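First up is the structure itself, then whatever we jot down about it.
The values are calculated or read from the model by the stated rules, or taken from the named source; none is laboratory data. Remember, predicted model here, so these are calculated numbers, not experimental data. Because the Cβ atoms are built from the backbone with ideal geometry, glycine has one as well, and the counts that use them run over all protein chains shown. Quick note on the areas: whole protein, heavy atoms, side chains included, nothing else; ligands and nucleic acids left out. Shrake-Rupley method; radii C 1.70, N 1.55, O 1.52, S 1.80 Å.
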Amino acid sequence: MRSILRKLLLFTIFLSLQTWAFANDGAFYASGNQLIPIVETDIQVRKEILSLKKIENEWVEVTVYYEFFNPKKTNKELIVGFEAFSPEGDVDGAPVEGKHPYMKDFKVNLNEKSLPFQVAYVADSNYVKQGIIKSVDLRKFSGNKEGNYVDFFYVYHFKATFKPGINKLKHTYRYKLSGSIDLNYQFEYILTAANRWANKQIDDFTLILDMGSYETFQINKSFFQNANEWELQGRGKHSNVAKSNNPIMESDAVKFHIQEGKLVFKKKNFRPKGELYVYNFNNWGNRNILYPEVGYIAYSIHQQPDLTEKNKYKADEKKILRNLPFARRGYVFQDKLLKDYYDNIDWYLANPNYQVDRSKLTNKEKAWLKELDQ
């Protein structure tokens, strides 16, 4: 997995050298992960509901509900771990207050009781010796301990006592979205770690992906085969994307345009063979022949065109931009200029029921429109 991320950062730096004189312009902060048993165990994963929510284009909020099954007639105690890979790229990977610098609010609750946890710094993949996690002493550690690449990763671990039968565990945390010059954001979640439990699968798996309204993003087909396996609880559309030479696209992908709502993926007897990769590209260099300064307008409110040089826009281009918030919501244009432009934008989804109401625009959109008209 880390080799993929390093390839992505190298690809980003290579791209930037062709276009801008940037260096070290990608930042991989963290990745989400399943809880795993540190040693072999009889404990099975009967059910998992994984919810991932993007917060203000900056964080991923992770909430996981598990139902574990202990087939024994007595309690079983084991060490459960969470492997958090270190940050890489234009970022400092050194611990902050002893924890991963870009993970926050790590909490575990088992059978309605909060569990204390510890954080180990691990430089060897075989970090468990006789059931004990061996943490390196950073004061004596000879590898990189800070800067863009550190030579260890983080393992959050805790002792869990599983009673006979069903045990309910809730796990929450946040981690910072990664990004680069070519990616507005990228995040991943390690699904295959679930195969380390006794049943080598998740009997009943649900993934809920909440990216917010007016968002375009891609999901690699690394653990599913087609878009029909996802249920859109809301309004949007999708298209297939063929594998490219971008290092993060190691498989074909599905591009989703979500006007509002959530994506839900459900699978019985889920044995993931790949990880969840979600990403959104920046649109550098995309130009429209008729409106070169406007170019391709992204769906996301977080990618609204930069108005630093707003005087460069011609009258038609300003007209297109002023109508962007309403195009996002599916306004059906009668004006030929606007209709021709937005009908040819891949994310545009007409909504005949939408009526313009400026008061319901987001504060960010209102501020952007005000700046555009100054």
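One table, with the values for the structure above:
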{"item": "Flag for Phe256 being aromatic (Phe, Trp, Tyr), at pLDDT 95 or above and in contact with an Asp or Glu (Cβ under 9 Å, 6 or more places away or on another chain)", "result": "yes"}
{"item": "Top-ranked residue of segment 83-104 - restricted to ones that are assigned to a strand (DSSP E or B) and modelled with pLDDT under 95, ranked as most open to solvent (accessible area, probe 1.4 Å)", "result": "Glu83"}
{"item": "Some residue of segment 238-248 being in contact with a strand residue (DSSP E or B) (Cβ under 6 Å, 6 or more places away or on another chain), modelled with pLDDT of 95 or more and either open to solvent by 10 Å² or more (accessible area, probe 1.4 Å) or small (Gly, Ala, Ser) (or both)", "result": "yes"}
{"item": "Failed criterion for Asn228 (all others in (1) touching a residue at least 24 places away in the same chain (Cβ under 8 Å); (2) open to solvent by 50 Å² or more (accessible area, probe 1.4 Å) hold)", "result": "(1)"}
{"item": "Residue ranges of strands (runs of 3 or more DSSP E) in segment 105-190 with at least 3 members in contact with a His (Cβ under 8 Å, 6 or more places away or on another chain) and free of Cβ contacts under 8 Å to residues at least 60 places away in the same chain", "result": "118-122"}
{"item": "Options Leu191, Leu110, Leu169: the member that is more than 20 Å from Asp90 (Cα to Cα), in contact with a Pro (Cβ under 6 Å, 6 or more places away or on another chain) and of a type in the set (A, V, I, L, M, F, W, C)", "result": "Leu191"}
{"item": "Enumerated helices (runs of 4 or more DSSP H) restricted to segment 286-374, each holding at least 3 residues that are small (Gly, Ala, Ser), under 27 Å from the mean Cα position of the chain (by Cα) and crowded, with 19+ Cβ neighbours inside 10 Å", "result": "none"}
{"item": "Ile202 being open to solvent by less than 20 Å² (accessible area, probe 1.4 Å), in contact with a helix residue (DSSP H, G or I) (Cβ under 7 Å, 6 or more places away or on another chain) and not aromatic (Phe, Trp, Tyr)", "result": "yes"}
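Matching residues to (1) open to solvent by 30 Å² or more (accessible area, probe 1.4 Å); (2) at pLDDT below 95:
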{"position": "Leu115", "(1), (2)": "yes, no"}
{"position": "Val122", "(1), (2)": "no, yes"}
{"position": "Tyr127", "(1), (2)": "no, yes"}
{"position": "Ile132", "(1), (2)": "yes, yes"}
{"position": "Val136", "(1), (2)": "yes, yes"}
{"position": "Glu146", "(1), (2)": "yes, yes"}
{"position": "Pro164", "(1), (2)": "yes, no"}
{"position": "Lys170", "(1), (2)": "yes, no"}
{"position": "Ser178", "(1), (2)": "no, yes"}
